[in-house]
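The values are calculated or read from the model by the stated rules, or taken from the named source; none is laboratory data. Bear in mind that the values here come from a model prediction, so they are computed numbers and not experimental data. Note: ideal-geometry Cβ built from the backbone for every residue, glycine included; neighbour counts use all protein chains shown.
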Amino acid sequence: MIHLMIFLPLLGSLLLLATPKRWRDEVAGFVAALTLGLGLLIWRGGGAEVFRVDWIPALGVTYSVALDGVSLTLALVTAFMSFIAVLYAARRISNPGTMLSLVLAMETGLLGIFAARDLLLFYVFFETALLPALLMLAIYGKPNRMRALVKFAAYTLFGSLLMLLSIIGVKAYGGSPTFALADLIQNPVKGAAQTWLYLGFLAAMAVKLPLWPLHAWLPDFHEQNHDSGVPDVMGTLYKVGGYGLFQFGLPLFPDASEQLRPILMGLAAFTALYAAWIAFRQTDWKRLIAYAGLSHMGFVALGVFSLNETATIGAMYLLAFQNVYTGALFLAVGMLQERVGSVHTRVGGVMTQAGALGGMTLALWFASIAVPGLAGFVGEFSVLLGAYQVQPWLAFIAGLSTIAAAAYALTAFQTTFWQGRPLGAVRVADLRHTEWLVLGLPLAVAVFFGVYSAPALNLIQPAVRGVLAGLGGQ
Amino acid sequence: MPLYLLPLFPLIGFALLILFPRLFPGRAAGWLGSATVLASFVVAGARYLGQTDTPAHEVLWTWLPNMALNANLSAGFYLDQLSALMALIITGVGFLIHVYSVSYMGHDPKFTRFFAFMNFFVAMMLILVLADSYPLMFVGWEGVGTASYLLIGFWFSGRNSEASDKDLRGASDREGVANSNAARKAFIMNRIGDLGFMLGMFLLFKLYGTLSIPELAARVPGAQVATAGIELACLFLLVGAIGKSGQLPLTTWLPDAMAGPTPVSALIHAATMVTAGVYLITRSHFLYDLAPVASTWVAWVGGLTALYGALSALNQHDIKKILAYSTVSQLGYMFMAVGLHAYSAGVFHLLTHAFFKALLFLSAGAVIHALHEEQDVRAMGGMRKFMPFTHIAALMGVLAISGIPIWSGFFSKDAILAAAYTSSPLLYVVGLGVALLTAFYMGRWYFLVWRGEYRGHVPHPHEADGLIKVPLGILAALATLGGFLNVPAFLGGGHAFDAYLGRAIPVHLHEIPAATEWLLTLLAVAAGVGGLLWALAEHRRRSLADGPLGQISSNALYLDRVYDGLIGAPSRAIAEGLDVVDRGVDGTLAGIARTSAAPGGLFSLWQSGFVRAYAVSMLLGTALILGYWAIKTIGGGA
Amino acid sequence: MAPTAYYIALSGLLFAIGMIGVLTRRTAIMVFLSVELMLNAANLALVAFARAWGDLTAQTAVFIVMTLAAAEVAIGLAIIVSIFRKRETTNVDDLAGLKG
């Protein structure tokens, strides 16, 4: 079942190319929904254990996949948000065949990233997910997309290269027979080599987190992507750095992560505050949300780097659910753009006519700035609480960004949706048809997991305990 | 009846009203909203009557990871005397204000949404006071902040945003910007406080390993923890309380919050939400009892804020702004009381203040309504003739807040001043001075609005309708008689309120000789009467419109401008600078990319695009390889 | 039986003619014909060697090359035709759109 879940979207993506135009929406939606359904079935069945066969025996590459704990949570969220993205793309984009196909192809890459239990397989899926992201930007982007594309590709490929090197290094120095995670943990790298390899791995993950100062591709990537926000949803899901660090970084480089903890936590806290502060100045909705997402990623990194149990649980919780509300916010911006023809934050008075759109956007913003009772809070609060136990001052610095978050979110919301409507502005329609679902479902998820966190905690908590127990003494 | 019903009813009301607004035509939404709050009031009343000395603790489900003692923290509700009292105030006063709003907001196009938000507020406030752990309290804490944000910005585009008249629309746009800014300011300033609250929780978790309030209360007295840690945690919590209750230095959002509809000002920014800070400190009494320095800070923050609010209220011209600064000032009294560990006095003042300040706001609202949204007291006067019932109600409120005997404010303020006298004479002097100022600015408010000749523009203002009168009447009765709940011993009373609250919160009874106590009471009454007489004298001289301190008071001691210059402008500038730098980081890296791409340019020259040139290079290449092999073979053979 | 060297010489000659054609002609069709000539020169060489060594493997290879060449001709001509339709020229020097 797990293999079906991983590769079904890719099959669907290929199938779309051979499907007549009028059925493409339905086929894509069906495949995405089926993937989500499979994910839920796996969840009900208690997750999927490690499945392992040799892939390239000569190189020691195996095909090992598993979906449990954190990876299952993230895979479910990915399947869910891909479904939402497909739903919106089908409605918004005329002749969406290519876009839908790319979304589904990317979904396979992302699910593979979360399922992979072999470092080289992880790397392969990592690159697989990159191609559709690049293509989406290249095909559907805005006029300055080439700049953004080059930057995105350059950062990511450079990071991947370092990751590949350190992956090979881990196997070579540790003397493991294969690249499978279990074998690598059995044969750890010791001493200074571990630190250097960790730095290489870290560089790749810092690009994908992203973490200051390797974040510059992110705002451009989102700014130049298609107005509908569908590629942005997938781009948000692609921010897998936090997961990679947790699933591979901590078990493989325990001493190095312990050693570098204060520096990395400082970097993460700084990223959180820095991004939130810059977001305050943005006048482009997509850039703004990109920086907001960057700030969240600072929190995720803070949680993972702190090696504190509560903080790490919070980081994974935040990582999973920020996809939901950040993605939905991108789609809300897409709807705004469809109505007023601009993603500028100085429109004014949109809410006088589009009450539901404004209300939903506001609620999603509240989720994003971690108002308690919504999913963002559980993660952010746990991260800060855990980080405070380790480094009080850094937690304080990161905590400052909660104030900045209120400032940037409410300022942009106010100047777009509140205040007076410009004279002679176009009449704005409220939410229609599937748009209700596209924003409503993520919001419902955000509320549910903000109030009742047990289903997600039951998955995340044991996994985090397992990983941190492997570090010893933490 | 389970406790979760209390917040559940208004939450259901909120969900129905926000999701299916079309189901509620006309005033149905208002009645539904009021009914849910009434249902909660009934539950609160039933629980109050069935209360025993052991607090009720009802756990619902697990919520946050690892935040209780060696376990995940659960969401649950906790009912002791303090939270029962708060729940009664919130649902009781809340219900009256809901009923009032049915009439007051009756003509607003967003009538349904208004009641949805009001219900949301009540639910969150109930979660705040019933929470069994600090994080759950924080849910209510930020929830009420969110509700407050939504309601302050209720008229976010101004009230005539779709008007075709150009001037009207321009004014409406300006109003929209002002309302939105006020809402945002309230939220951000609250967030500053919230960060303090969060840090307090983090530190408490570090010290004691749990955030559940009953567990903490059981652990704190026995635990071996450095006093400095407790002091710091208490100071952090104080920052949170300051933000929510509009105390110095985070006070400037509260007067601006008057941009919201008047019932909102009455419920959120006078009676309930802003008192959450007092509640937080009272709830954390087991910590503050161990932290003398932090408690002194609380008391002085309260004392200074009381003074600041009173001075700022002296020369305001907006009928609601006067009351807003008065609220700031009265909240300062409550902080002073809880800072001096006189929790019962503070909470009692909270109770009476909820009555009389809600009453004053609602009667101000009735006046504003009658004068078609006029809020400037200089364009009022003589309203006594037009609105006799409201006038009497407002008069009760003025007498209560001024501390005139038998009215409720007299008893509660007296208790605070007595507590201040025993602990800190300096604070007592401040408190007494503020009492004088309070009586004066409330007298000024009363004379400018109700007495003298009519200066308004509306030809014939009308008395309020029945739906407005009923809540006014009930609140007036409560404001008048509420004080008898806690008659002190020297006046022949039994401290009934202290005894009730004492079952949950320790009451430190101060030992003052009866004679001294009489003297203190006389002084307090003299201050109140003196203030009112002073206002009357000014009124006779017709110089009341320009209060003392002039511009300084009108601009609220220029605190807003100081903040903007000191914090607002620099933060914006830094954001601007960082943005440039961030794009610069970009530029630097792009430069590196260009440089490293340069060798690639050389190779691209080779890609001439001429097929024949490629063929030549293939030929040359083949020749080269063949030549190499030939030479190698020949060399090998030789 | 003629010595193998003759065949190889003929093959080399054909290859050289084809090569010169590729390098000098500008019409795509002529370039294409020249390429075919070179291909068949290679075929000839293969067949000659096969005969010299008495090994049928090379003959098989030639058959495969011939089938492939047929397919290649079909596709190549189709490309040239569609280029001509689009650009109204088959001059390979004008088709320099891939210049770096």
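The table that follows gives values for the structure above.
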quantity	calculated
Matching residues in the range A:367-394 - criterion: being facing chain B (nearest Cβ under 7 Å) and touching a residue at least 24 places away in the same chain (Cβ under 8 Å)	A:Pro372, A:Gly373, A:Val378, A:Phe381, A:Ser382, A:Leu384, A:Leu385, A:Gln389
Flag for A:Lys208 being more than 14 Å from chain B (Cβ to nearest Cβ) and more than 21 Å from A:Ala116 (Cβ to Cβ)	no
Conditions (1) part of a helix (DSSP H, G or I); (2) of a type in the set (A, V, I, L, M); (3) buried (at least 20 other Cβ atoms within 10 Å of the Cβ); (4) touching a Gly at 6+ places or on another chain (Cβ under 9 Å); number of the one not met by A:Val103	(4)
C:Val47 in contact (Cβ under 8 Å) with a residue 12 or more places away in the chain and out of contact with any Pro (no Cβ under 7 Å at 6 or more places or on another chain)	yes
Options B:Ser83, B:Ser103, B:Ser74; residue that is over 21 Å from B:His285 (Cα atoms) and more than 14 Å from chain A (Cβ to nearest Cβ)	B:Ser103
Residue in the range B:139-157 that is more than 7 Å from chain A (Cβ to nearest Cβ) and not in a helix (DSSP H, G or I) present	yes
Failed criterion for A:Ile139 (all others in (1) buried (at least 24 other Cβ atoms within 10 Å of the Cβ); (2) touching a Ser or Thr at 6+ places or on another chain (Cβ under 7 Å) hold)	(1)
Qualifying residue in the range A:357-366 (condition: within 11 Å of chain B (Cβ to nearest Cβ) and more than 20 Å from B:Gly143 (Cα to Cα))	no
Flag for A:Gly420 being in a helix (DSSP H, G or I) and either within 11 Å of chain B (Cβ to nearest Cβ) or closer than 20 Å to B:Ile192 by Cβ (or both)	no
Residues that are among the hydrophobic types (A, V, I, L, M, F, W, C) and under 13 Å from the mean Cα position of the chain (by Cα), drawn from the range A:78-113	A:Ala79, A:Phe80, A:Met81, A:Met106, A:Leu110, A:Leu111, A:Ile113
Test for A:Val343: is it more than 14 Å from A:Val428 (Cβ to Cβ), surrounded by fewer than 24 Cβ atoms within 10 Å (Cβ to Cβ) and of a type in the set (A, V, I, L, M, F, W, C)	yes
Residue that is modelled with the highest pLDDT, among those in the range B:252-285 that are closer than 18 Å to B:Asn181 by Cα and assigned to a loop (DSSP other than H, G, I, E, B)	B:Pro261
Near pairs, Cβ below 6 angstrom, 6+ apart or cross-chain, from the range B:66-78 (over 14 Å from B:Leu136 (Cα atoms) and in contact (Cβ under 8 Å) with a residue 60 or more places away in the chain) to any residue that is among the basic types (Lys, Arg) and assigned to a strand (DSSP E or B)	none
Total residues in the range B:188-226, condition touching a helix residue (DSSP H, G or I) at 6+ places or on another chain (Cβ under 7 Å) and within 14 Å of chain A (Cβ to nearest Cβ)	23
Some residue of the range B:205-215 being part of a helix (DSSP H, G or I), of a type outside the set (Ser, Thr, Tyr), touching a Gly at 6+ places or on another chain (Cβ under 9 Å) and free of Cβ contacts under 8 Å to residues at least 60 places away in the same chain	yes
Those residues of the range A:246-263 which are within 15 Å of A:Ala398 (Cβ to Cβ) and crowded, with 22+ Cβ neighbours inside 10 Å, in sequence order	none
Residue match in the range A:160-173 (condition: within 14 Å of chain B (Cβ to nearest Cβ), under 19 Å from A:Phe126 (Cα atoms) and either polar (S, T, N, Q) or assigned to a helix (DSSP H, G or I) (or both))	yes
Residue match in the range A:40-47 (condition: surrounded by 13 or more Cβ atoms within 10 Å (Cβ to Cβ), under 25 Å from A:Leu130 (Cβ atoms) and touching a residue at least 12 places away in the same chain (Cβ under 8 Å))	no
Tally, over the range B:170-187, of residues that are among the aliphatic types (A, V, I, L, M), without any contact (Cβ under 8 Å) to a residue 60 or more places away in the chain and more than 7 Å from chain A (Cβ to nearest Cβ)	1
Complete set of residues in the range A:54-71 that are surrounded by fewer than 24 Cβ atoms within 10 Å (Cβ to Cβ) and not acidic (Asp, Glu)	A:Trp55, A:Ile56, A:Pro57, A:Ala58, A:Leu59, A:Gly60, A:Val61, A:Tyr63, A:Ala66, A:Gly69
The range C:52-82 - residue that is in contact with a helix residue (DSSP H, G or I) (Cβ under 7 Å, 6 or more places away or on another chain) and farther than 17 Å from C:Val35 by Cα and, of those, farthest from the other protein chains (Cβ to nearest Cβ)	C:Leu56
Boolean, B:Asp53 is more than 30 Å from B:Lys357 (Cα to Cα) and either within 13 Å of another protein chain (Cβ to nearest Cβ) or not β-branched (Val, Ile, Thr) (or both)	yes
Yes/no for C:Phe15 being under 20 Å from C:Ile79 (Cβ atoms), buried (at least 18 other Cβ atoms within 10 Å of the Cβ) and either at pLDDT 90 or above or within 14 Å of chain B (Cβ to nearest Cβ) (or both)	no
Test: residue in the range B:437-457 that is without any contact (Cβ under 8 Å) to a residue 60 or more places away in the chain and either part of a helix (DSSP H, G or I) or among the basic types (Lys, Arg) (or both)	no
One residue from B:Ile406, B:Ile392 being outside any helix (DSSP H, G or I), over 28 Å from the mean Cα position of the chain (by Cα) and of a type in the set (Val, Ile, Thr)	B:Ile406
